[in-house]
Each structure stands twice: as structure tokens, then as C-alpha cells.
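Novice: Can you read through this structure? Questions will come right after.
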Amino acid sequence: MKFDDVLKHVGEFGLYQKRVYFLLCLFSVFHAMRMVVLVFLQNTPSFRCAIPDYPNDTYEVTSLDHELKLNRSILPGDFCHILVTSNSTFNEDNRPVNASRAKCNRWVFDTSVFTSTIASQFSLVCADTTKNSHSAMCFYGGLLIGTFILGFLSDLIGRKLCLYISLTFLLLLGVGQSFADSYIAFAILNFFVGVALTGIFPSAYVIGIEIVGPSKRTNTGMITQLFFSTGVVSVAGLAYLIRSWQYLLLAITAPLVLFFTMWCFIPESPRWQIQKGHYSKARETVLTAAKVNKTSVPQWILDVVMPLEKKDDKSLDEENVQKGKFIDLFKSKTICKRTLISFFLWFAIAITFYGLIFNTTNLGSGSIFLNFFLSGLVEFPAHILTLLTIDKLGRKRVLFGMMMISGLACLGCVLSIMLAAEEHQWLTVTLAMIGKFGAAGCYGCMYMYTAELFPTIIRNSALGAGTSCARLGAMFAPFVALEGAKSGGTLGQGVPLLVFGCLIVFGGALLCFMPETLNKKLPETVTDIKNFSKLSKTTEEEKIELNS
């Protein structure tokens, strides 16, 4: 008898779970906001060199004298050099005829869209342009490192405590980051924000999944994705209202204080409490849930399940230590093929998903705020469509379809950029949104598909390694997108989308070498993998229970 048997008496998704799950989903909203706000914090406004010996220089021309000095100091289209005009003559347009060029070390920025960003405050332009993408890579690198640190900490001290420790650090780091007085300080804090952020979504997600009955976990897991999309959309609205990067960051960070008021309403995972031998606390959580749900749990079930659960989990842990090692992902030819393909799929989906987010500033048409809002809005139908079709069409077919939609849309963007007239650039934006729709749909499906591909003893290793590949893809996404913006012109717009499109289409093609897992029993051993196509159909209770 397992803890799931207790949940059947408590209620698999009663009022208690719904209340707790809603509060936990609010953490997902914040997690999403912090993941994507860098698009606005690090935006590079239009700029040019500052006019020498003109202390009140602004990007906008304010007078005839200002225009005269501008014409004599800077060539049109040259943003990184000033003209040395000490011995020059001037033509009828007041432009120097034989002036030399010199690199400038001071710039003025257009403040019509953003009053300040990281790029404008720390002058991350010209030779220092790559520092902008490096800062974003620091953040996603922190996510990659934090996956291992916070995952271990969550198992050691509990999901709830790990969640609130991460929350505390994010509050302090966020406030500190908004007052950063140098690029180095901002980048370092960005790394630690990434580390701390990995303790938010996974911890909250696991608590939610572990208090919900097995038949409800797929749906509740998808619902979490909808709250994530809500966070993405919310950032667009906040950035539209708050145009200074410091105040925007504070506006996202300050509400974290409210999450501490939820401490009493969010329980520790009773499964974790049982594993650690905290039986009295686990019973208290279960009885509270039963009371709120207006159900009852027989005393004999509580007496039997608690000690047996710990014993069974201990035995399972020992089995995993002996047999379930990371290297086992590569020992069998069949499993090795699945491992390598799934790793690439995770990478391709993540770099495309986050790359399209960062590329909203590089579409060349429409408002950055509207484009970003639409890129978040399309995630809602993507998750809903995935939820409605994944148990009917199958994991492989849905994933393949979403990857092809995303990839072909990205490649279509490249053709639109190259061939469409300027007045038809709306087509590029539309195709980019379709690409984001497909990439978003891939995420929810990929978690389930990966878990069902591997035997029980290495399933967690496969999921953990796969999501690490996704973090790696997310880390490179801003570099690809922002380097495209740096190049400028048609080439700068098209290359990032070409990269994203080729990667995800190739990933979709690799799915041809992978099996369908719908209505198949979950493999327990390597032998089961070899006979995967012959396994009988499973009941709903035997389907995958996501725990990531």
C-alpha cells in the first residue's frame, strides 16, 4: 500500500489540493516573469556617439546648433565613431570633407521607448555589445548550476523550506541587482539570481504534484504551464508601464514579500515527510487535507502506510543506488539512442523557445511590447491543444507536430524577411508567433514523453539530464538572438530564426527513430525497453506520474 492509496481516501484533487495548488501556481507566475524580464532589462535602444565638447547632447536633435554639431561630428549610420575635424573643410551640408574617424567612448541613447536599460546605463554597445548577451548567459548558466544544487537541497531539507530559502535570496538579490552600479556587479548578481530561481518552480511544482492523486497529475501539470504563460504576458504589461530597468526589476521583486504570508497555507510534501520519518507531521498534513475536503481516512490505513512507505522508499532508493546510475543511460544501444536524441530534443526546444522570446526585439516590425505580449499569449492555446490531444494522438505525434509547426514557421520567417516588402513585415511577426506557439506546445509534451521512454531505475536521471540540456539551450538562446540584433539589417533578423528553425526541424526528424509511448506500460527494466512495442496496453493508473 502506497501514499496514493491515502490520497484516494482524502480526495485526489479536492478543495484542499485546489487551494494549495493555486497558491503554488502563483510561484510559477513569478518564475516566468523573472525568466523573461531580461528581454526588457537588457534591451539596446537606438544610439549614436555623443558629440565631443557638447555636455547637453541628447539623441533627439533639439536645435539648429545641435544639428550643425551633429553633422560635423558623426557620419550617418556610424554609431561607434566620431569625426576628427581639426583641419577639415566642410561641404554645403556642413559635413567634413577630409576628416578622419576615431572610436568614441561616450554615447547618447534614444529614451522614447525606455528611459534606461542595462545597455544604456552601462554603455553595452559597439565593442561591448557582446557583454549584453554574456550577462543573459550568466543568468541561464546560474539556472544550469542551480538545477543540481537546489535539487539536492530540496531532497535534503524539504521542498517547502528550499522554496522559501530560494525566495529569500531572490528578494535580496533582486533588490541588490536593481541598485547595481556596474556591469560586473549586475552580471554576477544575475548568475546568483539564476541559481536561486531553480529553487522556485521545481520545489513548488513537486509539492503540488505530490499532494495530487495519480489520475489528476497530467492535467494539473499542464495547468502549471498556463500560469507560467500568465507570467510571460504580465511582464509585457509591466514593461509597457515602467520604462526604467531599475523600477521594472523592483516592481517584479517587491511582491515577493507577499509570498511569505502564504507560509502557513502551503504544506510540506507529505511524501517527503514520510521518507524522512516525520510521520506525525505527515499525518497532520493528511488529516488537515481530509478535513478541508470533508472526507475521512481510516486509521488503519494511516498506521499501515506511513512505515511501509518509508521502508518501500528506502528499498527503492537502494535499488536506484545500485542500478540506476547516469552511465546506464548509455550502456544499452537502444537506451543510448533514446538518450542522445532526447538530449538534442530538449536542447533544440529550449533554444527555440527562449530564442524566440529574446528575438521579439529583433523582428523589425511592430511594438516590442505588443510583440512580446503576443508571444506570451500564443502559449495558452498551445498548452490547451497539447492537453486535449496528447492522450488521443499520442506523445510522439503531438511532439512531432508542434516541432514542425515551430520549425517551419521560423524558416518561413527567414523567407518573409528576405522577400517580403516592408509593408508586409506583419507576416514575419505572425510567423514568429506561430513558431512560439509550436515551441511552447513542445515543452509540456516533452516532460511526459521523456519520462515514458526510460526504465524506472533511470527515469529520474533521464529527466534530470534532459532538463539540464534544456538549460544549456536556454543559455545559448540570448547569445544567438542578441548577436543577430548586433549584426542588424536583413542578415541580423534572419540568421537567428534560421538557426532556431533548422535545429527544431532536425529534432523533429529525429523523432522518426523514436517509439510512441501512448497506452504502453511503463518500462521497468532494459528488457522491457527491447520489448517496448509488444507491451500490452495500460490502465489510466499505470500511466506516467510526473514528478519533475
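Bear in mind that the values in this text are calculations on the coordinates, not laboratory data. Quick caveat, the model's predicted, so the values are computed rather than measured. Because the Cβ atoms are built from the backbone with ideal geometry, glycine has one as well, and the counts that use them run over all protein chains shown.
Novice: Return one quarter of the surface area of the convex hull spanned by the alpha-carbon atoms of the chain, equal to its mean projected area, in nm².
Specialist: That works out to 27.6 nm², a quarter of the Cα hull's surface.
Novice: At R0 = 56 Å, how high is the FRET efficiency between Ile157 and His66 if r is their beta carbon distance? Nearest 0.05 is fine. All intermediate terms of the calculation are to be shown ahead of the outcome.
Specialist: On the way: r = 61 Å, r/R0 = 1.08.
Approximately 0.40, to the nearest 0.05.
Novice: Using 1/(1 + (r/R0)^6) with R0 = 56 angstrom and r between the beta carbons of Glu284 and Asp128, what's the FRET efficiency to the nearest 0.05?
Specialist: My answer for the efficiency is 0.50.
Novice: Could I ask something else about it? Within the chain, what is the longest stretch that has no GluC sites (Glu not before Pro) placed in a DSSP loop and near at most 11 other beta-carbon atoms within 10 Å?
Specialist: Maximal segment without exposed cleavage sites: 93-548.
Novice: Mind sorting Cys126, Cys413 by how few other Cβ atoms lie within 10 Å of their own Cβ, fewest first?
Specialist: With the fewest neighbours first, Cys126, Cys413 line up as Cys126, Cys413.
Novice: Then there's this: If the chain between Asp78 and Leu419 were fully stretched, how many nm would it gain, using 0.36 nm times the residue separation less the Cα-Cα distance? Walk me through the numbers before you get to the answer.
Specialist: Details: separation 341, 0.36 × 341 = 122.76 nm, distance 2.62 nm.
Additional length available on full extension: 120.1 nm.
Novice: Let me ask another. Are there cysteines in the chain with no other Cys C-beta under 4.7 Å, and if so, which?
Specialist: Cys25, Cys138, Cys162, Cys264, Cys336, Cys410, Cys413, Cys442, Cys445, Cys469, Cys502, Cys512
Novice: Which entries in the list Lys8/Lys291; Lys8/Lys281; Lys294/Lys520; Lys2/Lys281 go over 25 Å, if you measure between the two C-alpha atoms of each?
Specialist: Flagged as over cut-off: Lys294/Lys520.
Novice: Further, regarding this structure: Report P(r) for region 107-200: all Cα-Cα distances, bin width 5 Å, range 0 to the bin holding the largest distance, values in whole percent.
Specialist: It works out to 3, 14, 20, 20, 16, 11, 8, 5, 3, 1, 0, in whole percents.
Novice: Work out the FRET efficiency for Arg397 and Phe148 from their Cβ-Cβ distance, taking R0 = 22 Å, and round it to the nearest 0.05.
Specialist: On the way: r = 33 Å, r/R0 = 1.51.
Taking R0 as 22 Å, the efficiency between Arg397 and Phe148 is 0.10.
Novice: If the label point is 7 Å along Cα→Cβ of Arg243, which residues in region 102-128 have backbone nitrogen under 14 Å from it?
Specialist: 109-117
Novice: Give me the distance in nm between label points sitting 7 Å out from Cα along the Cα-to-Cβ direction at Thr261 and Ser367, one decimal.
Specialist: Once both label points are built, they end up 3.1 nm from each other.
Novice: Within a 10 angstrom radius of the beta carbon, how do Trp107, Trp300 rank from fewest other beta carbons to most?
Specialist: Fewest-to-most Cβ neighbours within 10 Å comes out as Trp300, Trp107.
Novice: Between Leu377 and Asn105, what is the label-point separation in nm under the 7 Å Cα-to-beta-carbon projection?
Specialist: 4.7
Novice: Please give the helix 217-241 orientation as an angle from the longest Cα principal axis of the chain, in degrees from 0 to 90, rounded to the nearest 10.
Specialist: Here the helix axis deviates by roughly 20 degrees.
Novice: Continuing with this model, one more query. Net charge near Met262, counting Lys/Arg +1 and Asp/Glu -1 over other residues with Cβ under 11 Å of its Cβ?
Specialist: +2
Novice: Still on this structure, please answer the following. Starting with the fewest neighbours, write out Ser63, Ser120, Ser203 ranked by other beta-carbon atoms found within 10 Å of each beta-carbon. Present the calculation step by step, with values, prior to reporting the outcome.
Specialist: On the way: Ser63 9, Ser120 22, Ser203 27.
Least crowded to most crowded, the residues run Ser63, Ser120, Ser203.
Novice: Given N residues in region 22-87, what is Rg(Cα) / (2.2 N^0.38 Å)?
Specialist: 1.92
Novice: So if each residue of separation counts as 0.36 nm, and I subtract the Cα-Cα distance between Asn219 and Arg19, what length gain in nm does that give?
Specialist: 70.4 nm
Novice: Can you give me the Cα centroid spacing of region 449-479 and region 370-428 in angstrom?
Specialist: The two parts, judged by their Cα centres, are 22 Å apart.
Novice: Expressed as an acute angle from 0 to 90° and rounded to the nearest 10, what is the orientation of the C-alpha long axis of helix 426-453 relative to the principal long axis of the chain?
Specialist: In the chain, helix 426-453 runs at an angle near 30 degrees to the longest axis.
Novice: Relative to the first principal axis of the alpha-carbon coordinates of the chain, what is the inclination of helix 183-197, with its axis defined by its Cα atoms, in degrees from 0 to 90 and to the nearest 10?
Specialist: Once rounded, the angle reads 20 degrees.
Novice: What are the ³J(HN,Hα) values, in whole Hz, obtained from phi via the Karplus relation 6.51 cos²θ - 1.76 cosθ + 1.60 with θ = phi - 60°, for each residue of region 368-375 in sequence order, with x given for Gly and Pro?
Specialist: 4, 5, 5, 4, 5, 4, 5, 5
Novice: If you wrap a convex hull around the C-alpha atoms of region 193-292 and split its volume per residue, what is the figure in Å³?
Specialist: Looking at region 193-292, the number lands at 133 Å³ per residue.
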